[in-house]
Every structure is written in structure tokens, then in C-alpha cells.
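Participant: Here you go, one structure.
The values are calculated or read from the model by the stated rules, or taken from the named source; none is laboratory data. All values derive from a computational prediction rather than experimental measurement. Neighbour counts are summed over all protein chains in view; Cβ atoms, including those assigned to glycine, are modelled from backbone coordinates with ideal geometry. When the accessible area is computed, the model is the full protein with side chains, heavy atoms only, and any ligands, DNA or RNA have been set aside. Shrake-Rupley method; radii C 1.70, N 1.55, O 1.52, S 1.80 Å.
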Amino acid sequence: MSIVTSTLGFPRIGPRRELKKALEDHWAGRRDAAGLLADAAALRTAAWSRQRKAGIGHLPSNDFSLYDHVLDTSVMVGAVPALYGWNGGTVPLETYFAMARGTRGRSSGDLPAQEMTKWFDTNYHYMVPEFARGQEFCLASTKAVDQFTEAKGQGIHTRPVLLGPVSYLLLGKAADDGMDRLALLPGLLPVYAEVLRRLAAAGADWVQIDEPCLVLDLDDATRAAFATTYQALAAAAPSLRLLLATYFGGLGDNLDATLRLPVAGLHLDLARAPGELDRALARAPAGLTLSLGVIDGRNVWRSDLPALLDRIEPVVAARGVERVMIAPSCSLLHVPIDLALETGLDAELCGWLAFAQQKLEELSVLGRAIDQGRAAVADSLAASAEAARTRRTSPRIHDRAVAARLAAVAPGMDKRASGFAGRRAAQRAHLGLPAFPTTTIGSFPQTEEVRKARAAHAKGSIDDAAYDQFLREETERAVRWQEEVGIDVLVHGEFERNDMVQYFGEQLSGYAFTRHAWVQSYGSRYVRPPIIFGDVARPNPMTVAWASYAQSLTERPVKGMLTGPVTMLQWSFVRDDQPREATCRQIALALRDEVVDLERAGIRIIQIDEPAFREGLPLRRADWQAYLDWAATCFRLTASGVADATQIHTHMCYSEFNDIIDSIASMDADVISIETARSKMELLDAFANFRYPNEIGPGVYDIHAPRTPPVDEMADLLAKARQHLAPDQIWVNPDCGLKTRKWEEVRPALVNMVAAAQAMRNAAG
Ligand code: GLN
Ligand code: ZN
């Protein structure tokens, strides 16, 4: 008998983003539903044949989704909120897309999309299930069965994947705040049972049920819910073997409860939680099949295969090959598809990388090594070990100057010279700003012309000088306009930036950029995260020229704009050969030089954006403080090289601060701007209760909507802010950058914002 290799899920988007094209054509009316479904089927076939060619044993089905697998699950169980007007039966495609995207601007009405939120600690976003009071469930889509049958028709026997019922409920939200989502299980389980029976009837043997919530902090009631759930599911279709898949962390204190569940197999994420293996081996019942998630499904690094075999072989020896499977740690949804498309990356760097396709090949080598002995795949193993060796030693990765710099970080380097009170006095004298100073978050509209010029420059159809001239004109126009309408702290507009991480990464060493390495962020939105492969350093100033140019045009202070170290880390693929914290410190030191250079160039205010600060929170509470401590330290390392009189701002475009407010305060930015317009300033409670000492710009203009907020509305929001904060603490600014808006929207909104600030000043006398 040979070992089973398996994948938990494969990217849906297609190597050339075929799914995006098909969806957008369909939404624009250029491709009908049948055409879209045919395109989708072709993508599934391609993914299966890719995996089969690589020799994978258990191939997933139902991992494909037109938009999102959580939305698919809502549709499977008939959790379609009433407003979408579904009357039972199979949920139609239009209803599915209405839930996904809303129906704004369509003749059929103006329905909102379902809420979207981050899938655990990934950059994938799922559609949040919504449960009404008295929510009932019924089988409303047979996609899981249909796609199993579809593969079978192509001669491929798959392992269908379902999002488990407990995680599904926990990921959703109840319309009534007080409602216990797990109380919905009795209604939900019969639908799952029916799906399992149908899968069994269609010929399935293994079914993978994903319960990623098992890696979270759970209470006893939730653990008990898992027990009743899996008893019910095991009984529903006794011929099926259920593989319970956990990922994104270790089971920790949920391990014993998990090992008691009546399932045939358990998948463990050994990339995230390598220590979990020994604990599981010590306690797992002999009959349980363990699926070892040894290949990192969240990252782009090539594995050290001999090292992995050192861990897998003893497990196989102890439990028997029929009780072990090997797999990536989680679905490959979170990695790009094929490194072979990256013809722009050099061979050495490529030698250190593995995308989904390469991970399949790695898995297959591991499988053959176990079945036939290492000698059978000696060349592949040697190449893998050699890549691991060069990665440990390459001077391209390990830069002595960076190491020396890191080692030389002295204790006080992450502190400003004076406390906030002293800095504030120095800054007031230096800046001479009015009460309730107005500013924006950095970017101005990235218009069609701006994007066109950038594309033309990238293609080489306009030269550097022409592009530069274009950007200078845009910048000058923005500066003049801000002066004209009376904004107090100006920005240069960020016209030269393609993306707030990429723009910096391209100027730092240790970063690499890809051309085709897209991963799904949500629906048809994909991102191409940069790859941090080596020590990060800043060979040259990155933003000083644009900031100085803008400052040269005006007497008013121009705010320098940087992306902070935590966000630079969080929105990239990060090297796995040192702690994330170490990489973040390197970035912090590189950015620190930029901050100092901006100050030297006469920039008096510098904003360090950290929109991803909260996203970095670990899944388990017990790990939060350690993260928050190093993340805040990295921010302070970036910010603390300047004199007291230089004002440091930060910006975070979200709103939940209650549970992390002391860490936010410990970042010690002189001014923080946050998103508050949509929540009507409610979240200022956290700052007020904490007695947040520094200055705050609570957003008064919701930039996510195209509307122009009237003066009164913004003045009201400021009056509300005034109830929570001292008058000399308050800044007046929008919620976030304006790059996605049009000038026609931005102009009147900012004119009104300045008027609202003026009204506050008048009222204050
Ligand atoms: N300075 C950036 C901008 O205005 C901040 C963007 C963000 O917070 N996501 O675009
Ligand atoms: Zn923002």
C-alpha cells in the first residue's frame, strides 16, 4: 500500500486569472450564465488534471467557488436572507451574485451585498453568513455532489470538501445580538446529513470537512457542540470516512476534545504548529488516520524535503502507511498557482520558491520517497536540500550590514527624546497650526490619466522625464488646490504610487515582485503580494524627492507619507527562516532612515500608515500581547529618530480599538487618524475611556461612499468627538485616503470639511 498524498483545496482563479475575466464578462453582460459556467468547469478540469498529473492521491472537489466557499455554504444550506427574495428551490445564480456583490445600479433594485470579513488571519475575505431569528435551513444547492459527479465523469475520484457546520455557524452573525449561533445546529445538521448521504450515494468514500475554528480559543459549550455535530454526521452516512481538517494553527487545548470526535481522519497544520505532531501522536487513537500538513500552504517557500521526511518517516513506521496522509498545511488557495510563469525572476530566487504547482510536485516527491525509499528520488531530494542550504548561506539573503545594524539597536532607540507633552509644545511652536487643524490621509484621486500615464511609463511608451513631468504637474495642482480651499496640513497626493506596499518594496532590497503570482483577496479581486526573501535595507531615499518638491511649492506644512513596518510585513509573503518580528525590525530600521531623511529635507510632519496593524493579531488571545509588543516597538523604531518638533502621525483605517487601545497608545504617535464616520464616532469611546493622551483625527468623511457629506453632518460628528475628547486633541480629516474617489466627489467634500472645522473654531470662540 502506498501513502496517500492529498491537497485540501486548489486555487480557483486560474493561472492567468481566467476566472476573473469570466466573472467580469458575465457581470458586464458580455457572457451569459451558461458561458460562465462552462469557463468555470474548464478551470476545475484543469486544476484536477494538474493535480492528477503530479500524482496526488486525494484530490479535492467542491473547493472551487465562483466567488467564495463560505457563500457557497450559505447557499447550500439555504441561509439566504429574506431581502434577496429567494423563495425556495435551488438558489439561482443571480441571487448568489446579489448576495456576493449587491445589485447597485441594476434595474432589479438596490440590494446590499452581504458583509465581508477576513478569513482567519489570511488576506482572503469571505461573505459573512447571516442568520435571522428563527432561521431555518434546507438543502438549496447540490454543488458539492454535482462537482463530485462532474469529476467522476472525467475519471477522477475526488474527496469532496465541505466547510464544517460548527465553523460555518461560528463564522456567521446573528441578526439578533443575543442569539446563540450554535443553537442553530439542530436545524443545520440534517442538511449536512443529507449532503453526506447524497455524496455516499454518488460514490464518495472520503469526505473532507473543514473545521478551522478548532484552532481558536473555544469554550466548553463549543467543544460540546463539536461532539454532538460529529456524532450526528458520522451516523448520517456510515459508509463515508470523514477527514476533519484543521488549519491555520495548532489544536492546543482543543486537541483532546478533537481526538474524541468520531471521524476517520484528522488533518493537522504542521507548518504553523509543528509541535502539534508529537502531542497528537501521543494521544491519537490507533485507528485514526493522521493527515500531516507538512508543506506550507500559506507561503511561497520551497520545502526542505529531506528534513520533512525525517519527521514523516517515523510516523509512518509507528502508525503504518495506511494511517498516514501527507498534504499541504491548508488549502493552496492562499498561494499563487505556478512559478513557471515568473520568467522575470532569476533562477537563484526561483530555486527558493514553490507556488501551488511546485508544492504538488514536492508532495509527490515525498510520497515516492516514502513508498519507494529516498534513493528513488535522490536527485529531487538533493536539489531540495541544496536550495535549503543556499538559502541559509546566500549573501543575497543574509546582509551583514543589516545584521550589524539590528544588533546595534540600543535600548532607547524606540523612544522619542521627550514625552508627548514636551513634544507637543515644540510642535506647536514649530508648526503654528490653528485649532481643529484640517488634513487628509495622503492620496488624492488616482484618475484614469494617472493610471494611464503609469501604464505607459511601465510599457516604455513614455520616458522617465515625461512621466516625471506629468507627476509634478499633478502634484502641483493638488498642492495649489489644497492651499486654495484652506487645508492646514497638505499632502503631495501620492500620484507616483502604484500601491502603498509595492511602491516601497520596489525600492527596498530583500523584496521581490512577481508578474502573475495573484492570490484571491475576495471574489474577483486578486492581489499580488510582494515576496520578502532577504534582509531588508534601503539603498536610497524613497519619498524625499516628492515630499520636498511638494513642500517647495507652499509655506504650509506638507506631510510626508510612509507605509509602516507592520503593514509592509502583513501584506507581503514573509520569509520563514527567521521570526516575523525580526523581518519587521529590519523594515522598521529601513523606514527609520527615510523618516530621518524627510526631516532633514525640511518635512515637519511625517505620517506612517499602519492600516494592517490590527490584522496581524494572532488567532489565539494568549499570543496577542507578544505580537502587540513587537509591532508597537517596530512602529516606534521607525518613528523615533526625529526631533521633538517633528510631528509623527499614524493612520489606521478601521475602528475596533477597544481591546488593543493600550498598544495603540504605546505606539506614541503624536497624532492618529482613524475611521469613525460610518460608526458616528462610537468608537471614540475606547479612546475616551482610556484617556488617550495624544491627538486624534476621527474621520468625518466616509470616503467609501460617493456622496458629499454636508457641512452640518461633519460639524455634528465633530461635536460628538468633542464630547469624548479635549478640543485641543482633535484633528479634522477624512476616514481614509482618497485614491478611489473622483475629484468631483473629493472637492466639495473637502470644502465642506474645512467649513466644518471653521465652524468648530468659531463655536470654541
Ligand atoms: N496614505 C494612504 C492613502 O491615503 C493610506 C491608505 C490606507 O490607509 N489604506 O492612500
Ligand atoms: Zn485608511
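Participant: Looking for whichever is within 27 Å of the chain's Cα centre (by Cα) and open to solvent by less than 40 Å² (accessible area, probe 1.4 Å) here; the options are Val215, Val195, Val207. Which one fits?
Facilitator: Details: Val195 fails: within 27 Å of the chain's Cα centre (by Cα); Val207 fails: within 27 Å of the chain's Cα centre (by Cα).
Result of the check over Val215, Val195, Val207: Val215.
Participant: Which ones in segment 428-468 are assigned to a loop (DSSP other than H, G, I, E, B), within 16 Å of ligand 1 (Cβ to nearest atom) and on the phi < 0 side of the Ramachandran plot?
Facilitator: Selection gives Thr440, Ile441, Phe444, Pro445, Gln446, Thr447.
Participant: Now a separate question. Counting residues that are open to solvent by 50 Å² or more (accessible area, probe 1.4 Å), which helices (runs of 4 or more DSSP H) fully inside segment 1-96 reach at least 1?
Facilitator: Numbers: elements: 18-27, 33-53, 69-76.
Passing ranges, in order: 18-27, 33-53.
Participant: Name the single residue, out of those in segment 643-659 being surrounded by fewer than 22 Cβ atoms within 10 Å (Cβ to Cβ) and touching a residue at least 60 places away in the same chain (Cβ under 8 Å), that is farthest from Arg428 (Cα to Cα).
Facilitator: Selected residue: Cys653.
Participant: Then there is this: Mind checking which residues of segment 267-306 are among the hydrophobic types (A, V, I, L, M, F, W, C), assigned to a strand (DSSP E or B) and out of contact with any helix residue (DSSP H, G or I) (no Cβ under 7 Å at 6 or more places or on another chain)?
Facilitator: Of all residues in segment 267-306, those among the hydrophobic types (A, V, I, L, M, F, W, C) come to 268, 270-271, 273, 277, 280-282, 284, 286, 288, 290, 292, 294-295, 300-301, 305.
Those left that are additionally assigned to a strand (DSSP E or B): 268, 290, 292, 294-295, 301.
The one that is among the hydrophobic types (A, V, I, L, M, F, W, C), assigned to a strand (DSSP E or B) and out of contact with any helix residue (DSSP H, G or I) (no Cβ under 7 Å at 6 or more places or on another chain): Trp301.
Participant: Does segment 428-463 hold any residues that are away from ligand 2 (no atom under 16 Å from the Cβ) and either acidic (Asp, Glu) or touching a Lys or Arg at 6+ places or on another chain (Cβ under 8 Å) (or both), and which are they? Explain how you work it out, then say what you get.
Facilitator: Here is the first cut: in segment 428-463, the residues away from ligand 2 (no atom under 16 Å from the Cβ) are 428-438, 447-463.
The answer is His430, Leu431, Pro434, Ala435, Phe436, Thr447, Glu448, Glu449, Asp463.
Participant: Follow-up. Please work out which one of (1) of a type outside the set (Asp, Glu); (2) within 17 Å of Gly9 (Cα to Cα); (3) in contact with a Phe, Trp or Tyr (Cβ under 7 Å, 6 or more places away or on another chain); (4) open to solvent by less than 10 Å² (accessible area, probe 1.4 Å) is the condition Leu188 fails and give its number.
Facilitator: The failed condition is (2).
Participant: Let me ask something else about it. Among the residues of segment 527-541, write down those that are open to solvent by 10 Å² or more (accessible area, probe 1.4 Å), hydrophobic (A, V, I, L, M, F, W, C) and either within 19 Å of Asp593 (Cα to Cα) or in contact with a Pro (Cβ under 6 Å, 6 or more places away or on another chain) (or both).
Facilitator: Ala537
Participant: If you go through segment 503-522 one residue at a time, how many are farther than 19 Å from Ile397 by Cα and open to solvent by 50 Å² or more (accessible area, probe 1.4 Å)?
Facilitator: Within segment 503-522, the subset farther than 19 Å from Ile397 by Cα is 503, 515-522.
If we keep only those that are open to solvent by 50 Å² or more (accessible area, probe 1.4 Å) as well, we get 515-516, 522.
Result for segment 503-522: 3.
Participant: Could you check how many residues of segment 1-41 are within 29 Å of Glu362 (Cβ to Cβ) and either touching an Asp or Glu at 6+ places or on another chain (Cβ under 9 Å) or not β-branched (Val, Ile, Thr) (or both)?
Facilitator: Initial filter on segment 1-41 (within 29 Å of Glu362 (Cβ to Cβ)): 1-20, 40-41.
Checking which are either touching an Asp or Glu at 6+ places or on another chain (Cβ under 9 Å) or not β-branched (Val, Ile, Thr) (or both) leaves us with 1-4, 6-12, 14-20, 40-41.
Number satisfying all stated conditions: 20.
Participant: As an exercise: evaluate Leu381 against (1) in a helix (DSSP H, G or I); (2) over 30 Å from Ser65 (Cα atoms); (3) open to solvent by less than 20 Å² (accessible area, probe 1.4 Å); (4) in contact with a strand residue (DSSP E or B) (Cβ under 7 Å, 6 or more places away or on another chain) and give the number of the one condition it does not meet.
Facilitator: (4)
Participant: Right, another one. His26 passes all but one of (1) farther than 29 Å from Ala202 by Cα; (2) at pLDDT below 95; which number fails?
Facilitator: (2)
Participant: Filter segment 558-574 for residues that are part of a loop (DSSP other than H, G, I, E, B) and open to solvent by 10 Å² or more (accessible area, probe 1.4 Å); which is nearest to Ile664 (Cα to Cα)?
Facilitator: Within segment 558-574, the first condition is being part of a loop (DSSP other than H, G, I, E, B), and the residues that meet it are 564, 571-572.
If we keep only those that are open to solvent by 10 Å² or more (accessible area, probe 1.4 Å) too, we end up with 571-572.
Numbers: Trp571: 20, Ser572: 22 Å.
Selected residue: Trp571.
Participant: Using beta carbons and a limit of 9 Å, which pairs, at least six apart or on different chains, have the first residue in segment 164-186 and touching a residue at least 60 places away in the same chain (Cβ under 8 Å) and more than 14 Å from Glu136 (Cα to Cα) and the second one open to solvent by 70 Å² or more (accessible area, probe 1.4 Å) and of a type in the set (Phe, Trp, Tyr)?
Facilitator: none
Participant: Still on this structure, I have one more. In the set Ser141, Ser167, which member is surrounded by fewer than 20 Cβ atoms within 10 Å (Cβ to Cβ), touching a helix residue (DSSP H, G or I) at 6+ places or on another chain (Cβ under 8 Å) and of a type in the set (Gly, Ala, Ser)?
Facilitator: Details: Ser167 fails: surrounded by fewer than 20 Cβ atoms within 10 Å (Cβ to Cβ).
Criteria check complete, one pass: Ser141.
Participant: Residue pairs, Cβ under 7 Å, 6 or more apart or interchain, first in segment 603-620 and open to solvent by 30 Å² or more (accessible area, probe 1.4 Å), second charged (D, E, K, R) and away from ligand 1 (no atom under 12 Å from the Cβ). List them.
Facilitator: Arg614/Glu656; Glu615/Lys118; Leu619/Asp121; Arg620/Asp217
Participant: Which of the helices (runs of 4 or more DSSP H) found entirely inside segment 660-744 contain at least 3 residues meeting this: touching a His at 6+ places or on another chain (Cβ under 7 Å) and either open to solvent by less than 10 Å² (accessible area, probe 1.4 Å) or among the hydrophobic types (A, V, I, L, M, F, W, C) (or both)? Don't jump to the end; show me each part of the working.
Facilitator: Numbers: elements: 661-666, 684-690, 711-724.
Once the helices (runs of 4 or more DSSP H) in segment 660-744 are filtered for at least 3 residues that are touching a His at 6+ places or on another chain (Cβ under 7 Å) and either open to solvent by less than 10 Å² (accessible area, probe 1.4 Å) or among the hydrophobic types (A, V, I, L, M, F, W, C) (or both), what remains is 684-690.
Participant: State whether one or more residues within segment 354-361 are within 26 Å of Gly265 (Cβ to Cβ), open to solvent by 10 Å² or more (accessible area, probe 1.4 Å) and not polar (S, T, N, Q).
Facilitator: If we filter segment 354-361 for residues that are within 26 Å of Gly265 (Cβ to Cβ), which is where we start, we get 354, 356-361.
Checking the rest, the ones that are also open to solvent by 10 Å² or more (accessible area, probe 1.4 Å) come to 357-358, 361.
Filter once more, so that each one left must be not polar (S, T, N, Q): 361.
Checked segment 354-361: at least one residue is within 26 Å of Gly265 (Cβ to Cβ), open to solvent by 10 Å² or more (accessible area, probe 1.4 Å) and not polar (S, T, N, Q).
Participant: Pull up segment 584-602, narrow it to residues that are over 18 Å from the mean Cα position of the chain (by Cα) and under 26 Å from Trp518 (Cα atoms), then point me to the one that is surrounded by the fewest Cβ atoms within 10 Å (Cβ to Cβ). Don't jump to the end; show me each part of the working.
Facilitator: Quick first cut of segment 584-602, residues over 18 Å from the mean Cα position of the chain (by Cα) only: 585-602.
Filter once more, so that each one left must be under 26 Å from Trp518 (Cα atoms): 586-587.
Details: Gln586: 26, Ile587: 29.
Here the answer is Gln586.
Participant: Additional query: Sort out which residues of segment 215-256 are touching a Phe, Trp or Tyr at 6+ places or on another chain (Cβ under 7 Å) and in a helix (DSSP H, G or I), and write them in order of number.
Facilitator: Within segment 215-256, Val215, Leu233 qualify.
Participant: Which residue, of Arg389, Arg405, is surrounded by fewer than 20 Cβ atoms within 10 Å (Cβ to Cβ), basic (Lys, Arg), out of contact with any Phe, Trp or Tyr (no Cβ under 8 Å at 6 or more places or on another chain) and without any contact (Cβ under 8 Å) to a residue 40 or more places away in the chain? Working first, answer last.
Facilitator: Working: Arg405 fails: without any contact (Cβ under 8 Å) to a residue 40 or more places away in the chain.
Of Arg389, Arg405, the one residue that is surrounded by fewer than 20 Cβ atoms within 10 Å (Cβ to Cβ), basic (Lys, Arg), out of contact with any Phe, Trp or Tyr (no Cβ under 8 Å at 6 or more places or on another chain) and without any contact (Cβ under 8 Å) to a residue 40 or more places away in the chain is Arg389.
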